[in-house]
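Encoded as structure tokens, the structure appears first; notes follow it.
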Amino acid sequence: MKRRMQSKGLINLMYVPAVLLFALFIFYPFVQGIRVSFTDWNGYSQNYNWVGFDKYKMMFSDKNVWITIKNTIIYGFGSTFFQNILGLAYALFLDSRIRGKGLVRTIVYLPVIISPLIMGYIWYFFFQYDGGAVNDAIGLFGLAPVDWLSKGPVAVWLITFVNTYQYMGTAMIIYLAGLQSIPKDYYEAASIDGAGGWTKFRSVMLPLLMPSITINILINIIGGLKLFDVIVAMTNGGPGYASSSISTMMYNLYFARQDAGYAAALGNTMFVMIAIVSLLALFYLKRKEVKM
């Protein structure tokens with residue numbers, strides 16, 4: 001009994017460093033961010049004043065904030081939708097009996113290991129106006145070059161496409177693991193009952209794949225809603241704030257406009273937004289999961 005209690009005490013001590021690191025690098029900056037959002041601090045000065053909810057009031061009357069919130073929703077939900085559709089399609093393809101699975105899996109997953117900033121610059125050179133690969137390609141057909149990244153809505157969807165391209169490999173791996181954990185007996189039983197391919201997919205595969213769907217959707221939503229690097233590389237949020245996300249607007253507010261209080265208020269709003277969306281998605285999807 002005494003040895004068991006000593007063992008439990010040792011185990012409890014082992015997670016103390018993790019708790020301390022979390023408190024130091026996550027909890028403390030979070031609390032400081034809340035405090036700064038109620039001040040007019042410029043991010044550099046030793047002096048600042050308490051301004052109450054002024055930064056929050058300014059945020060809700062700023063039309064650029066609403067543009068960035070709309071863009072952030074497109075980045076979050078658009079990327080989640082396409083990453084899951086393409087990731088599941090590739091997983092189904094790789095779960096079948098084909099040759100070259102390893103090569104296909106490597107090619108699809110390869111973009112994940114590249115830095116998002118580098119990936120953004122790679123695609124920038126594809127879509128840039130002067131000398132861009134896409135404009136060179138359409139020039140071969142006699143078409144005029146297009147300034148793809150100067151049009152806000154077009155740039156937003158191109159950035160969503162790049163984010164989807166980079167991370168659909170992660171969705172593919174998670175779905176592939178989920179598919180391979182489903183016992184073949186369920187498919188055989190469904191076949192004996194006369195179920196076709198679509199019925200087996202809808203009534204057997206999808207319900208048993210719900211844990212993988214839950215993980216993928218949560219990872220993709222959180223990643224898309226805080227998208228930053230790809231936007232900076234491709235458009236830097238421009239023109240104006242037309243392709244900006246909340247993350248890039250926070251960056252500009254802090255370093256360009258030197259308004260740390262406003263940036264902190266926007267950051268706290270983004271935190272609440274991601275927390276609400278993630279928790280609602282988690283509760284909804286967990287209720288859909290079934291046990292094997």
TODO: With respect to Gly9, determine if the residue is touching a helix residue (DSSP H, G or I) at 6+ places or on another chain (Cβ under 7 Å) and either loosely packed, with under 11 Cβ neighbours inside 10 Å or not acidic (Asp, Glu) (or both).
DONE: no
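With Tyr75, Tyr121 as the choices, which residue is within 16 Å of Ile231 (Cβ to Cβ) and open to solvent by 90 Å² or more (accessible area, probe 1.4 Å)? Let's see the steps before the verdict.
Numbers: Tyr75 fails: open to solvent by 90 Å² or more (accessible area, probe 1.4 Å).
Testing whether each residue is within 16 Å of Ile231 (Cβ to Cβ) and open to solvent by 90 Å² or more (accessible area, probe 1.4 Å) leaves just Tyr121.
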- [ ] Please determine, by comparing only the residues of the stretch 189-199 that are small (Gly, Ala, Ser) and either open to solvent by 100 Å² or more (accessible area, probe 1.4 Å) or over 33 Å from the mean Cα position of the chain (by Cα) (or both), which one is farthest from Asp95 (Cα to Cα).
- [x] Gly194
TODO: Answer yes or no as to whether Ala137 is exposed (fewer than 15 other Cβ atoms within 10 Å of the Cβ), aliphatic (A, V, I, L, M) and in contact with a helix residue (DSSP H, G or I) (Cβ under 7 Å, 6 or more places away or on another chain).
DONE: no
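Can you pull out the helices (runs of 4 or more DSSP H) entirely within the stretch 25-121 that have at least 3 residues that are farther than 30 Å from Leu209 by Cβ? Steps first, please.
Working: elements: 28-36, 54-60, 63-73, 79-94, 101-109.
Answer list for the stretch 25-121: 28-36, 54-60, 63-73.
Quick check, is Pro211 at pLDDT below 90 and open to solvent by 30 Å² or more (accessible area, probe 1.4 Å)?
Numbers: at pLDDT below 90: no; open to solvent by 30 Å² or more (accessible area, probe 1.4 Å): yes.
No, not satisfied.
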Open item on the list: If I go through the stretch 233-286 residue by residue, how many of them are open to solvent by less than 40 Å² (accessible area, probe 1.4 Å), assigned to a helix (DSSP H, G or I) and more than 23 Å from Phe81 (Cβ to Cβ)?
Closed with: 13
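One line per residue, one yes/no per condition, for (1) surrounded by 12 or more Cβ atoms within 10 Å (Cβ to Cβ); (2) farther than 21 Å from Val232 by Cβ; (3) more than 23 Å from the chain's Cα centre (by Cα); (4) at pLDDT below 90:
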| position | (1), (2), (3), (4) |
| --- | --- |
| Gly43 | yes, no, yes, yes |
| Tyr56 | yes, yes, yes, no |
| Asn71 | yes, no, no, no |
| Ser79 | yes, no, no, no |
| Ala89 | yes, yes, no, no |
| Ile98 | no, yes, yes, yes |
| Gly102 | no, yes, yes, yes |
| Val112 | yes, no, no, no |
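Do you know which of the residues in the stretch 147-188 that are part of a loop (DSSP other than H, G, I, E, B) and open to solvent by 40 Å² or more (accessible area, probe 1.4 Å) is farthest from Met234 (Cα to Cα)? First the steps, then the outcome.
First pass over the stretch 147-188, keeping only residues part of a loop (DSSP other than H, G, I, E, B): 147, 151, 181-183.
Now drop any that are not open to solvent by 40 Å² or more (accessible area, probe 1.4 Å), which leaves 147, 151, 181, 183.
Numbers: Asp147: 12, Lys151: 12, Ser181: 39, Pro183: 44 Å.
Taking the candidates together, the pick is Pro183.
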- [ ] Pairs only if they're at least six apart or on different chains, beta carbon under 8 angstrom, first in the stretch 127-152 and in contact (Cβ under 8 Å) with a residue 60 or more places away in the chain and among the charged types (D, E, K, R), second open to solvent by 70 Å² or more (accessible area, probe 1.4 Å) and not in a loop (DSSP other than H, G, I, E, B); list them, first residue then second.
- [x] none
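The values are calculated or read from the model by the stated rules, or taken from the named source; none is laboratory data. From a predicted model like this one, the values you see are computed outputs, not experimental measurements. Backbone-built Cβ (ideal geometry, glycine too); neighbour counts: all protein chains shown. Protein only, heavy atoms only, side chains kept; ligands, DNA and RNA dropped before computing areas. Shrake-Rupley method; radii C 1.70, N 1.55, O 1.52, S 1.80 Å.
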